[in-house]
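All remarks here apply to the structure that follows.
None of the figures in this text is laboratory data; all of them are computed from the coordinates on show. This one's a predicted model, so the numbers in the text were calculated from it and none came from an experiment. A quick note on method: Cβ atoms are made from the backbone with ideal geometry, for glycine too, and the neighbour counts reach across all protein chains shown.
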Amino acid sequence: ARGWVAASKWIDPGCPYVDDPAAAVEGILRSRLAGQEAALGAVVQAVREWDAAAKAGDAAPLVLAFTGTTGVGKTETAMSAAEALFQTNPLGGEPGALPPGLIEFRGEDYSDDVHMPVQVYQDRIKRRLAEHLIGCKGTAVVLFEEAQKAVPKVLDVLKPAIQTDWPHLTHETADGRVVTLDTSRVVFIIISDLGVDRIHKLLVAADGGEVSLAQLSAAVKAELDAKWATLEIGALVQQVIPFLPLTYGDVKGVVDMHLHKLAAKHAGRAWRRLSWTPGVLSYLAARPFVEYVFVSDGGGGASSSSSSHAAAAKEARFAKYGARDVHLSSTGPIKTLLAKLRSLSRKRRLDAASTDVRLSLSGTKSQPWLAVTTCAGDVPPRCRMADDERPGGWRAGEEAVCAAAEHALECVVAWEGALQEDVHKTVAGVKSQPAKPLPPTQTETTQAAAKVGAAAPAPPAPAKLAAVGVDAQGEVAPPPSTPARAT
């Protein structure tokens with residue numbers, strides 16, 4: 001018979017799911033990830049169907065396999081989904097702590113098939129999962145990362161827990177009792193890089209055309225089945241969700257998302273408002289901040305000139321480490337930019353309550369530079385809103401008021417140069433040029449004029465800096481053609 005071990009008092013609340021799991025998961029995923037619209041949509045739909053079935057009295061585990069190259073959002077999606085599914089940590093976890101119902105396994109911890117019998121690994125997994133389920137009263141998000149590294153057959157210990165016909169897990173407690181735990185409300189997510197080559201070849205071969213998510217999933221599932229041919233759980237994976245490699249355009253979207261987070265996080269502490277032109281996204285998404293690799297489909301298609309010869313291999317460019325270069329690397333664009341802005345804030349003693357910081361590009365095609373302009377002065381709050389954020393749209397005469405307030409701002413180019421210099425790298429093989437000396441602040445200019453008895457000059461007009469695009473080699477140009485994306 002199924003049953004639960006009496007939980008100790010400190011874990012009695014369990015780990016309840018939110019009332020509307022699909023809405024919660026969709027909200028958090030859309031705010032945290034970019035460039036994986038098809039995969040995120042598939043995750044949300046899977047959660048929606050799983051929750052609807054459970055509420056209709058047909059509860060069964062949700063078993064998903066995420067596959068894709070490094071840095072494309074597989075683990076972040078799983079972690080964020082777990083955070084969305086569970087309510088506030090009943091154990092009093094601090095913000096940013098792991099969700100209470102999440103339990104994580106890593107394939108590398110179960111990879112030594114020389115010194116450790118498979119049965120020992122299976123017993124460890126089973127015991128940890130059972131104890132977690134007891135504490136959380138049967139709810140859990142079970143994350144198995146880098147599954148391809150685990151010894152074959154290790155994952156088969158999960159078969160009883162993920163099967164749709166009476167999903168359960170048996171467990172022997174410390175006092176010798178054997179209990180059966182219901183796993184029908186558990187989410188299992190298996191993460192690996194299996195099938196990545198097939199994903200790349202399909203996208204490159206499409207040469208800019210559309211590739212359906214179903215087509216990608218089927219191709220990856222075939223490779224998973226081949227890899228897991230000896231595993232009993234392979235047939236129980238309900239859905240394979242491929243995460244696509246990030247193109248240059250995708251990386252720009254990731255940069256934009258993290259710039260918005262940066263702007264909001266430091267508003268009022270480092271600046272009143274941080275803004276940027278589209279060209280800045282191209283600049284920060286390019287080398288050397290983000291490393292790109294060329295991927296080929298291997299050729300083999302029919303040649304346009306002769307059917308007796310294989311077509312030339314097609315190539316596409318993808319971010320080698322996905323989004324990790326953008327916001328995690330110490331030499332990535334976000335951390336490098338933040339360090340520069342903090343340094344400028346200290347040197348120029350910016351008043352965060354009244355200073356806007358604007359990022360734009362200047363320079364030439366062969367040597368684009370980042371320009372940081374600071375603008376001090378009062379601007380009505382509604383003037384700083386985007387058009388889609390302004391309640392009721394523009395009011396009568398409001399545009400003129402905002403234009404006048406903008407013109408009255410005291411703007412100076414606080415810094416202009418190659419941001420890559422800060423990480424000792426080069427752009428397109430050209431050594432980064434030293435930054436131009438900081439111009440004097442308005443206060444410094446006024447004080448200098450007073451010393452010689454001259455009238456203080458008028459505040460400089462806002463800098464007019466050209467917004468130009470930079471490709472992944474550092475060249476100023478339109479974005480490269482985009483490989484096919486999943487639909």
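Converting phi to 3J(HN,Hα) with the Karplus coefficients 6.51, -1.76 and 1.60 and the offset θ = phi - 60°, the range 178-190 yields 9, 10, 10, 9, 6, 10, 6, 10, 9, 9, 10, 10, 9 Hz in sequence order, with x at every glycine or proline. In the structure shown, the pairs K252/K365; K340/K365; K159/K320; K252/K340; K201/K261; K149/K320 are assessed against 25 Å; a Cα-Cα span above that value is assigned to K159/K320; K201/K261. Taking 7 Å along the Cα-to-C-beta vector as the label spot, tell me the E398-R127 distance in nanometres, rounded to one decimal. A separation of 6.5 nm, rounded to one decimal place. Measuring r between the beta carbons of R382 and A353 and using R0 = 22 Å, the FRET efficiency lands at 0.80.
Of the peptides 103-113, 237-247, the ranking by mean beta-carbon count within 10 Å, highest at the top, reads 237-247, 103-113.
Under 5 Å between amide hydrogens, built in the peptide plane, is the criterion, and for R106 it picks out E145 among residues at least 5 positions away or on other chains. Available extension along the chain between A56 and S343 is 97.6 nm, counting 0.36 nm per residue and deducting the alpha carbon span.
The HN-Hα couplings worked out from phi for the range 364-378 by the Karplus form 6.51 cos²θ - 1.76 cosθ + 1.60 (θ = phi - 60°) are 10, 4, 7, 9, x, 10, 8, 10, 10, 10, 10, 10, 10, x, 8 Hz, whole numbers, x standing for Gly and Pro. Spin-label pair V18-A264: with each label point 7 Å from Cα along the Cα-Cβ axis, the two points sit 1.4 nm from one another.
Two numbers describe the Cα atoms of the range 9-242: Rg and Dmax, which are 17.8, 62 Å.
For G363, the amide hydrogen comes within under 5 Å of the amide hydrogens of W369, counting only partners 5 or more places away or on other chains and with H modelled in the peptide plane.
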